[in-house]
Each structure stands twice: as structure tokens, then as C-alpha cells.
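Below is one structure, written out as C-alpha cells; the observations come after it.
The values are calculated or read from the model by the stated rules, or taken from the named source; none is laboratory data. Just so we're clear, the structure is a prediction, and the values are computed from it rather than from any experiment. FYI the Cβ positions are ideal-geometry reconstructions off the backbone, even for glycines, and counts take in every protein chain you see.
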Amino acid sequence: MSMQGEPSKAYGFIIYLIKAPLLHFVLAGGVIFACYQAYDPENRTSQEHVIHVTPGRLTQLAAIFEQTWQRAPTKDELTSMVDDFVLEEIYYREAVSAGLDHNDTLIRRRLRQKMEFLTDDLAAAEPSDDLLLRFVQQNVERFQQPSTITFRQIFFNPSQLGGDAGKVFTEALAQLQQGGQPKGHPTLLPELMVGASLQQVSATFGKDFAEAIAGIEVGRWSQPVRSGYGMHLVRVDQRTPARLPEFASIRSAALREWEHERRTTLRKQIENELLSKYQVTIEWPQPKDSEG
């Protein structure tokens, strides 16, 4: 057995053709024709004991080997792979002939997966940067960096304040305004958070606290702010608004999002088209009459 041409180059050319958008309809037509041929009774009868290993299949087997072992297969190795493929095809046909594929959930799921993989291949065309940029602009919330806040806080435990809470806060604020550093109560909460997002502040101090400090004037100590732990004097040092990073830094993430959305949309379109060809009847069991 011999192969003409270099397997990896031939395989690369095949991949190029598959990804060419203008050929998608041709490929789809080929799939439909192949399915018709496979399920045409007369053709199936004449072909059921013929196994034709095409040059394309040889190239595919060689490419699989090369991808796994990072080198081209030898003639003996490729021959062994072809032998395995032929036996696998024979076992498959005999199993189908014996009806072993009927009512087998695993086989049904596997066949569905293969059909879905075909859909994914059709959605694999590489978008242009202009298209990706428009996608980012239409979905800014997915890619923008959240607003951040840098603040410091002094914690006061209500159970240790007694009835002098108002006086304690007044004196503490007076000290802070004069450049002093009043002592709060011991806590494991951070005294300083730098460049924290709203979600990070919420996770540490609670949602109400995070929302409350969002309105505090930058550079000034606030009136007491309540959290789930107690009371806090807070000074916001800096706020950074949400922003969209440079396109180059988020291109990979945008491509992943675009590909996922395209696959999902295309798969849904194909599923709707397939469903339109079938009349589906579902016999739901009748609910039992309630007793008494």
C-alpha cells in the first residue's frame, strides 16, 4: 500500500477546503447525497460488503497519527491503522445488520454528537477583526473591566460601644480630620482594599456595605457605614470607572465568545429545520385522579 503526496500537506489542503465558506453549501449537499446513497435500499444491498478506503481516509489516518506522535507514520504503521479501520468498519456494519444499534442510548447519543460536530465544523470559519470588533461593541458588558474602588475602613463593634456610639464616632471623625488615627475594634476584615470590584467588596463586607460606599465622596472620611459585622468609618481614596480594554488584549476572549454564539445559533437553526421535517406526537401519561 502506498500514498501519493505528503499526508500532512494533503490533510492541510482538505482542512482549508472545509473551512472555505463558499464550499459549505457544496459540503452540505454532499452530506445529503451521501445519506441518500447510504439509505437507498438498492444501493445499500450492493455496497454492504464493499469497503473502499479512499485517499482522503488514508490522509486522515496519517494526520491522526502525526498529531499524536508528532511525526509521519511509516508504511507499516499506516498499514496497521488501515487494517484497524477496516475491521472497525466491518464490526460496525455487522452490528447494524444484527440490529445491535436499536434502542441503544449510548449509540443514539454518540450519533447525535457526531451530527453536532458537523454543525460545529460549519461554524468554524475564522471571523475578520472588523467582525470581532463589532461583536465586542455589541456586547460591551461581556468584555469590559468592572469599576474598582480603593478605600480604607476603621471597624467598630456595636456590642463594645454601649450607649456612647454617637460620641465615639464624633471623636473618631474629629481625630481623623486632624490627621490622627483613632483606634477601632479588632477585626479580621481588611483595613485597606485596593482596586477592588463591587463583587469583591460585597463578598468581603456584604452587599449593603458595598452599595453604601459607592456614593461616598473621594478623599473624605464618611459618617458611619453599617455592614453585617458592625459599623465602619470609611474613606474612599480612588474610584476607577468601568472601561473596555484595548481590542488586542481581548481578541482571544472575543473570538471564543463569538465562536460559541455562532455554534449555538447555527445549531439551533439546524435543529429547528430538522424538527420541521417531523411530526412529533408525545403521549403523556394521564395524571391519576386524587383519592378522597
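Odds and ends about this structure:
- Cβ-Cβ under 6 Å pairs, at least 6 apart or on other chains, segment 55-78 side in the same structural domain as Glu89 (by TED's automatic domain parsing), far side assigned to a loop (DSSP other than H, G, I, E, B): Leu58/Met3; Ala62/Pro73; Phe65/Pro73; Glu66/Ala72
- Leu176 crowded, with 16+ Cβ neighbours inside 10 Å, at pLDDT below 90 and over 30 Å from Phe247 (Cβ atoms): no
- Taking the conditions (1) small (Gly, Ala, Ser); (2) surrounded by 13 or more Cβ atoms within 10 Å (Cβ to Cβ); (3) within 30 Å of Gln223 (Cβ to Cβ) in turn, Gly162 satisfies each one other than (2).
- Conditions (1) exposed (fewer than 11 other Cβ atoms within 10 Å of the Cβ); (2) of a type in the set (Asp, Glu); (3) not in a helix (DSSP H, G or I); number of the one not met by Glu273: (3)
- Phe151 being within 25 Å of Glu217 (Cβ to Cβ), assigned by TED's automatic domain parsing to the domain that holds Gln199 and assigned to a helix (DSSP H, G or I): no
- The single condition among (1) modelled with pLDDT of 80 or more; (2) loosely packed, with under 14 Cβ neighbours inside 10 Å; (3) assigned to a helix (DSSP H, G or I) that Arg112 does not satisfy is (1).
To keep it simple, each residue is scored yes or no on (1) among the aliphatic types (A, V, I, L, M); (2) surrounded by 13 or more Cβ atoms within 10 Å (Cβ to Cβ); (3) out of contact with any Leu (no Cβ under 9 Å at 6 or more places or on another chain).
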{"residue": "Ile213", "(1), (2), (3)": "yes, yes, yes"}
{"residue": "Val218", "(1), (2), (3)": "yes, no, yes"}
{"residue": "Gln223", "(1), (2), (3)": "no, no, no"}
{"residue": "Leu233", "(1), (2), (3)": "yes, yes, no"}
{"residue": "Glu246", "(1), (2), (3)": "no, no, yes"}
{"residue": "Thr264", "(1), (2), (3)": "no, no, yes"}
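- Elements of type helices (runs of 4 or more DSSP H) in segment 154-206, at least 2 residues being within 34 Å of the chain's Cα centre (by Cα): 198-205
- Selection from segment 136-159 of residues that are β-branched (Val, Ile, Thr) and surrounded by 14 or more Cβ atoms within 10 Å (Cβ to Cβ): Val136, Thr148, Ile149, Thr150, Ile154
- Residues being surrounded by fewer than 14 Cβ atoms within 10 Å (Cβ to Cβ) and either outside the structural domain of Val136 (by TED's automatic domain parsing) or not basic (Lys, Arg) (or both) - total across segment 248-260: 5
- Inclusion of Phe209 among residues that are surrounded by 14 or more Cβ atoms within 10 Å (Cβ to Cβ), over 21 Å from Arg256 (Cα atoms) and either hydrophobic (A, V, I, L, M, F, W, C) or in the same structural domain as Thr264 (by TED's automatic domain parsing) (or both) is warranted.
- When Ser2, Ser80 are screened for being assigned to a helix (DSSP H, G or I) and either modelled with pLDDT of 80 or more or over 30 Å from Glu259 (Cβ atoms) (or both), only Ser80 passes.
- The residue of segment 207-230 that is nearest to the chain's Cα centre (by Cα), among those that are in a loop (DSSP other than H, G, I, E, B) and among the charged types (D, E, K, R), is Glu217.
- Close Cβ contacts (under 6 Å, 6 or more residues apart or on different chains) running from residues in segment 88-116 that are over 24 Å from Thr264 (Cα atoms) to residues that are in a helix (DSSP H, G or I) comprise Asp101/Ile107.
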